[in-house]
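None of the figures in this text is laboratory data; all of them are computed from the coordinates on show. Just so it is clear, the model here is predicted, and its values are computed rather than measured. In this analysis, Cβ positions are derived from the backbone assuming ideal geometry, glycine residues included, and neighbour counts consider all displayed protein chains.
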Amino acid sequence: MGDATSMKNSSQRGFTLIEMLLVCAIAMVMAAMSAPLVMNITNTYRLRAAGGQYANMLQIARVRAVTADTYEPVYATSGTTLYGGNLNAFIDLNQNGTASGSYANTPLSEPGVVFSNSVVVKSAASAPNVTNLEGQYLNGASSSNVAINQNTWAGSGVMVVTFGSRGLPCYLTGVPPSNGAGTCSYSLANKPIAFEIFLQNQNTSQWEAVTVNPSGRVREWRYDTPSTTWVALN
């Protein structure tokens, strides 16, 4: 009888303080080990989201250019002064964006996207292995035979991609005047037009690119650091 009572009391004893502290310590170690992985996944997602939203907006601009029988400029920046107060990129539907971009809700509602604060637009000069990227999205054509990123009138830190009424990339020969005036040319010195835009996550230094080849195909790319090459995402 005494033995049974002793066993019952022992089974109801529960956890000791040492056991609880040990479990807490193990949980904290596991959380500390998983935190960098979670942050890396989060930062990768933010970069992919920015690239995907921007690429989709380029597709919309291309379709609108065809249906409206005009050219459509798409502005992008990661500066401190954002379009409409919070947009990193927008389609300039009323073609009144000037050199640095001028977003307007009226009379037309102009589509735009917001990037994560960690994602910034970078120049091709700072991007890795651009030659590899150009060899892929230009389908083997030499970049010297293609006019890339020719909207050089755009303000500092501003990237402008333009599509003409044929659905092909074009470049504006000057700052776009209002209401569709001006000329958007499909070639420069007999070279077709193309665009390449680079995005980088400042927390992880990961790169993504969005390209438009001379036939108007919009593609997303990620930079694979181990192989030092660009890998297509679509």
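Any chance you could run the full-extension gain for residue 203 through residue 215? It's 0.36 nm times the residue separation minus the Cα-Cα distance, nm to one decimal.
0.9 nm
Set the Förster radius R0 to 41 Å, insert the Cβ-Cβ distance between residue 29 and residue 53 as r into 1/(1 + (r/R0)^6), and round the FRET efficiency to 0.05.
0.65
Consider the candidate values (1) 115; (2) 195; (3) 128; state which one is volume of the Cα convex hull per residue in Å³ computed from the structure displayed.
Computed from the coordinates, volume of the Cα convex hull per residue in Å³ corresponds to (2).
Report relative contact order for the chain in percent, whole number only (criteria: Cα-Cα under 8 Å, sequence separation at least 6).
Averaging sequence separation for qualifying contacts and normalising by length gives 21 percent for the chain.
In debye, nearest 20, what is the charge dipole magnitude of the chain about its Cα centre with +1 on Lys and Arg Cβ and -1 on Asp and Glu Cβ, if you could check?
Numbers: 12 positive and 11 negative charges, 30 e Å.
The calculated dipole for the chain is roughly 140 debye.
Do any cysteines in the chain lack another Cys Cβ under 4.7 Å, and if so which?
Those would be 24, since no other cysteine Cβ in the chain comes under 4.7 Å of theirs.
If the label point is 7 Å along Cα→Cβ of residue 63, which residues in the stretch 110-126 have backbone nitrogen under 15 Å from it?
From the stretch 110-126, the list is 111-112.
Given the Cα-Cα distance of residue 16 and residue 41 and 0.36 nm per residue of separation, how much length would full extension add, in nm?
The residue 16-residue 41 span can extend by a further 5.3 nm.
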